[in-house]
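Inspection log for the structure reproduced underneath, given as structure tokens.
The values are calculated or read from the model by the stated rules, or taken from the named source; none is laboratory data. Owing to the predicted nature of the structure, the values given are computational and were not obtained by experimental measurement. Neighbour counts are summed over all protein chains in view; Cβ atoms, including those assigned to glycine, are modelled from backbone coordinates with ideal geometry.
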Amino acid sequence: MSSHLDSVRWSKRPLLFPKLSDWPFLDWKVSDWKMLFETFPIVDYEFRKGNFRCSQAPSWERNCEFVKMTMSEFFNKFENSANNDEWFYFDYKHIAAFRTEELDSKLDLTWKCVQFPDKTAKDSTLWMGTTGAHTPCHVDTYGCNFVTQVFGRKRWLLFPPSETDNMKPVRTPYEESSIYSSFNFFRGCAQFPEVKEAAVVDLSPGDVLFVPNGWWHYVENLSSAISINVWIPEESDDMSRIKECLVKYFVSTTLKGMNASEIEEVLNPNEDDLTSMSMDQIVRELDFCVEKLPDDVPSAGKCSDDLMKYGIPFSDAESIKKKIFVDHHCTIGDCKPQIDSEKIRLINAFCHPKVIDTVVGKYLESYSFKNK
Ligand SMILES: O=C(O)CCC(=O)C(=O)O
Ligand SMILES: [Fe+2]
């Protein structure tokens, strides 16, 4: 069945479709969510936790505490979110990893509203957090993204790929497929002097947001909130995989000369196995990705002009800053700039997206020469 939404995935700008989703659980109350998750095995789940103090360092995982609690304990905090002086985030959870029969029958969802009826809960990712829970500003290197707001309100700050240099991109903490910005946008405290344009969009239940590949995003809960997203692979992923391999190669080489505390500073906690990966392994992976590269650059589809009415308005950075600032008792001591070590600054210079673009070009040139 074709629809005017067939070509959304080709849009180069973020699009917002208010109240597009018709998932049956969109009008659930906290008590319904609580009941669903209370059926979960009584085990402790891990939650990222933070406070409301101001800091120039983003809430990267290594800057956060992790606490364990049951879903019942979490939903008690979720229910009384406005009074908490800390936030808790059950974030980036692939639903496939913790499905139960109960969850499958209740969270019976598909992405047919955006023309991906075959994508279901098992392909999707869940984010549940209390007020203030947030994800530092980053770019996802693979795919494009559809997000449905399921419960509560969530704020997305979006910056175009053309702002990449101005976002001060870093690869530490290193995480495959995420490029972070050095700026901490929490509660609007960040100074981002060179950024020229940005958009802010607040999602409510039923809203569907499309985020094209390469767009920077900072995401914060304005209330206790639940959202579900799905990443759709793209043709550009083949090239992104090669770039990710080059970054991995560089980072893992530099790790060899570091002590344990320096390594901890470089790697995101989920990337520990990079320390045991051999250079040969990474080079084999790189070769595999290069071999897979199609001979011709695939031509991208075109987004229908009718969809432009769903585009999100962009503003200059100054008005965005005013809009997102929330007075939240900055503690002067916490606001010190983050000072990175020489080694960290070197990794980030070598792994800057512009440098990697040049390296990938040179590497592919030498590769075709070798294979002539
Ligand atoms: O909702 C969030 O906290 C972050 C979501 C995100 O980064 C994404 O969907 O790519
Ligand atoms: Fe993301």
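Of L36, L26, L20, L103, which residue is under 14 Å from V150 (Cβ atoms), more than 16 Å from ligand 1 (Cβ to nearest atom) and either assigned to a loop (DSSP other than H, G, I, E, B) or not hydrophobic (A, V, I, L, M, F, W, C) (or both)?
None of the others qualify; the one that does is L20.
Go through region 122-144 and report how many residues are among the aliphatic types (A, V, I, L, M), assigned to a strand (DSSP E or B) and more than 10 Å from ligand 2 (Cβ to nearest atom).
Going residue by residue through region 122-144, those that are among the aliphatic types (A, V, I, L, M) are 126, 128, 133, 139.
So of that shortlist, the ones also assigned to a strand (DSSP E or B) come out as 126, 128, 139.
Then keep just the ones that are more than 10 Å from ligand 2 (Cβ to nearest atom); that gives 126, 128.
The number of residues fulfilling the criteria is 2.
Among the numbered conditions (1) touching a strand residue (DSSP E or B) at 6+ places or on another chain (Cβ under 8 Å); (2) at pLDDT 95 or above, the only one that Y249 does not meet is (1). Restricted to region 93-123, and to residues that are closer than 24 Å to K19 by Cβ and among the charged types (D, E, K, R), which residue is surrounded by the fewest Cβ atoms within 10 Å (Cβ to Cβ)? Checked region 93-123; the qualifying residue surrounded by the fewest Cβ atoms within 10 Å (Cβ to Cβ) is D118.
Condition check for V150 on (1) within 16 Å of ligand 2 (Cβ to nearest atom); (2) assigned to a strand (DSSP E or B); (3) buried (at least 21 other Cβ atoms within 10 Å of the Cβ): one failure, at (1).
From G132, G143, grab the single residue that is within 13 Å of ligand 1 (Cβ to nearest atom) and under 15 Å from the mean Cα position of the chain (by Cα). Spell out how you get there, then give the answer.
Values: G132 fails: under 15 Å from the mean Cα position of the chain (by Cα).
Step by step, each of G132, G143 is checked, and only G143 is within 13 Å of ligand 1 (Cβ to nearest atom) and under 15 Å from the mean Cα position of the chain (by Cα).
From the list S81, S72, the lone residue that is in contact (Cβ under 8 Å) with a residue 24 or more places away in the chain, within 16 Å of ligand 1 (Cβ to nearest atom) and among the hydroxyl-bearing types (S, T, Y) is S81. Counted as qualifying within region 187-296 are the strands (runs of 3 or more DSSP E) with 1 or more residues that are within 17 Å of the chain's Cα centre (by Cα) and among the acidic types (D, E), namely 197-203, 216-221.
Taken over region 194-221, residues that are of a type outside the set (D, E), away from ligand 2 (no atom under 15 Å from the Cβ) and more than 15 Å from C137 (Cβ to Cβ) amount to 5. Note on region 39-88: among residues that are assigned to a helix (DSSP H, G or I) and under 30 Å from F192 (Cβ atoms), the one that is nearest to the chain's Cα centre (by Cα) is E61.
Right, K106: farther than 21 Å from V201 by Cβ and without any contact (Cβ under 8 Å) to a residue 40 or more places away in the chain or not? Let's see the steps before the verdict.
On the way: farther than 21 Å from V201 by Cβ: yes; without any contact (Cβ under 8 Å) to a residue 40 or more places away in the chain: no.
No.
For P173, the requirement of being within 16 Å of ligand 2 (Cβ to nearest atom) and touching a helix residue (DSSP H, G or I) at 6+ places or on another chain (Cβ under 9 Å) is met.
Taking region 50-69 as the range and being more than 12 Å from N268 (Cβ to Cβ) and without any contact (Cβ under 8 Å) to a residue 24 or more places away in the chain as the test, the residues that pass are E65, F66, V67.
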